[in-house]
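One structure is given below, encoded as structure tokens.
The values are calculated or read from the model by the stated rules, or taken from the named source; none is laboratory data. Keep in mind that this is a model prediction, so the values were computed, not measured. Virtual Cβ from ideal backbone geometry, glycine too; neighbours counted across all protein chains shown. Surface accessibility is based on the protein's heavy atoms, side chains included, excluding ligands, DNA and RNA. Shrake-Rupley method; radii C 1.70, N 1.55, O 1.52, S 1.80 Å.
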Amino acid sequence: MPSLSPLVTIRDLNKIFESRKGLFGEPRRMTAVNQVSLDIPRGQVTGVVGESGCGKSTLARLVLRLLEATSGSISFDGVDLLKQSHGAMRLLRRRMQMVFQDPYSSLDPRYTIADALLEPFKVQGIRLTTAEARQKVEALFAMVGLDARFAQNHPHQLSGGQRQRIGIARALALEPDLMVLDEPTASLDVSIQAQIVTLLEKLKHELGLTYLFISHDLNLVRYFSDRIVVMYLGRIVEILPDAKAAPRHPYTQTLLDSTFAPDPTQRRDISRLTGEIPSPYNLPQGCAFAARCRHARPDCLSRRPVLETRSDGHAVACFHPLT
Ligand SMILES: Nc1ncnc2c1ncn2[C@@H]1O[C@H](COP(=O)(O)OP(=O)(O)OP(=O)(O)O)[C@@H](O)[C@H]1O
Ligand code: SF4
Ligand SMILES: [Mg+2]
């Protein structure tokens with residue numbers, strides 16, 4: 001019987017960044033991930049969506065412990081991640097991998113594609129014979145739908161889509177359970193994006209993977225995800241229990257409207273249409289979305305709404321939800 005407990009359980013996770021204003025300025029503190037609590041169910045796609053700077057990548061890096069949390073807890077398959085030693089963490093990393101937006105920056109231009117695919121084994125101290133290495137490389141190429149003749153090529157000889165397939169193959173090399181996909185298609189043309197999403201769906205079914213899928217594009221996230229987490233300025237403002245659920249938070253509705261805009265130049269720039277995003281260094285006392293919210297009332301300015309979950313699993317942090 002497969003266990004029904006979530007693969008990852010995140011509770012009250014915070015990440016504070018400190019920076020200096022000027023050479024002699026006071027340090028400024030910014031909470032990039034703010035009291036985030038979230039379950040990532042096994043074998044499902046949990047989508048995370050929000051505008052640039054809302055903390056998506058920071059959350060992703062915290063989950064893999066590529067970044068140390070300021071406070072909170074993360075449990076991976078029952079193991080308390082934040083309490084693990086470096087050695088234990090290294091072993092656990094075999095089970096959790098990340099695919100980045102720009103595969104080019106994560107592939108060393110001096111090495112061949114075969115070297116890139118074998119690097120995870122080296123990092124983990126797993127020795128392979130020449131025959132085993134060749135077999136692994138061939139199997140990974142097949143898995144991501146690439147011809148193994150690319151093995152001796154260098155990253156610059158591949159197209160963006162091919163490079164992202166290599167990024168995915170490398171993440172699969174150690175047979176992980178969890179794949180954190182941080183905007184894996186954002187740097188690709190629309191037609192190539194669709195191919196990569198189709199590949200990711202196929203791999204998920206074939207290998208029983210669990211995905212944390214990050215994107216600023218709610219339309220794409222709705223297509224791909226089982227559950228959707230909406231972030232705004234470091235906080236979760238809504239969790240849609242399924243991709244078809246109607247948004248209850250005005251911000252999610254705005255994201256949805258903007259992703260459907262036929263003119264691509266209109267899609268991301270929703271700040272001009274709906275007001276300014278507050279500075280993450282100086283958040284307002286009330287709802288952080290109030291300055292941009294068409295539904296704001298006076299009470300929204302004085303108190304901050306907390307995330308409340310309905311019995312159907314739909315969670316929203318808003319005093320006046322849409323439904
Ligand atoms: N190492 C760091 N030091 C200081 N601030 C940081 C650091 N990394 C991220 N930040 C800040 O934390 C906030 C969240 O950044 P993050 O990269 O997580 O956002 P994001 O949602 O992934 O954005 P994007 O869609 O542009 O990738 C931003 O304001 C960013 O400037
Ligand atoms: S709490 Fe008020 S300002 Fe914030 S999203 Fe809801 S209606 Fe808008
Ligand atoms: Mg990011």
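Taking θ as phi - 60° and the Karplus parameters 6.51, -1.76 and 1.60, the scalar couplings of the stretch 187-192 work out to 9, 10, 4, 4, 5, 6 Hz in sequence order, x denoting glycine and proline. Within the listed set 216, 205, 249, the Gaussian network model of the chain (springs between alpha-carbon atoms below 10 Å) gives the highest mean-square fluctuation for 205. Overall shape of the stretch 8-316 was characterised from the C-alpha gyration tensor. The equivalent ellipsoid obtained from it has semi-axes of 35, 22, 19 Å, in decreasing order.
Above 15 Å, the calculated P(r) of the stretch 1-52 contains 66 percent of its Cα-Cα pairs. Given their separation in residues at 0.36 nm each and the Cα-Cα distance between them, residue 124 and residue 202 gain 25.4 nm when the chain is fully extended.
Going by accessible surface with a 1.4 Å probe and the largest first, 19, 52 read 52, 19.
Rounded to the nearest Hz, the phi-derived 3J(HN,Hα) couplings of the stretch 84-100 under the Karplus curve 6.51 cos²θ - 1.76 cosθ + 1.60 (θ = phi - 60°) are 7, 6, 4, x, 5, 5, 4, 5, 5, 4, 4, 8, 9, 10, 10, 10, 9, where x marks glycine and proline.
Restriction of the chymotrypsin sites (Phe, Trp or Tyr not before Pro) in the stretch 164-229 to DSSP coil positions whose beta-carbon has at most 14 other beta-carbons within 10 angstrom yields no sites.
Here the alpha carbons of the stretch 174-221 define both size measures, Rg and Dmax, at 10.9, 31 Å. Binning all Cα-Cα separations of the stretch 51-153 at 10 Å, short to long from zero, yields these whole-percent fractions: 12, 36, 31, 19, 2. Using a Gaussian network model of the chain in which every pair of alpha carbons under 10 angstrom is joined by a spring, one finds that among 26, 18, 132 the greatest mean-square fluctuation is at 26. For residue 249, the residues whose amide H sits under 5 Å from its own are 322, ignoring neighbours fewer than 5 places away on the same chain, with H placed 1.01 Å from N. The protection proxy used here, the mean number of other Cβ atoms lying within 10 Å of each residue, ranks peptides 235-245, 146-156 as follows, highest first: 235-245, 146-156.
Amide H contacts of residue 39: 10, each under 5 Å away and 5 or more positions distant or on a separate chain (H built 1.01 Å from N in the peptide plane; Pro and chain starts excluded). Placing R0 at 56 angstrom, the Cβ-Cβ distance between residue 152 and residue 306 gives a FRET efficiency of 0.50 after rounding to 0.05.
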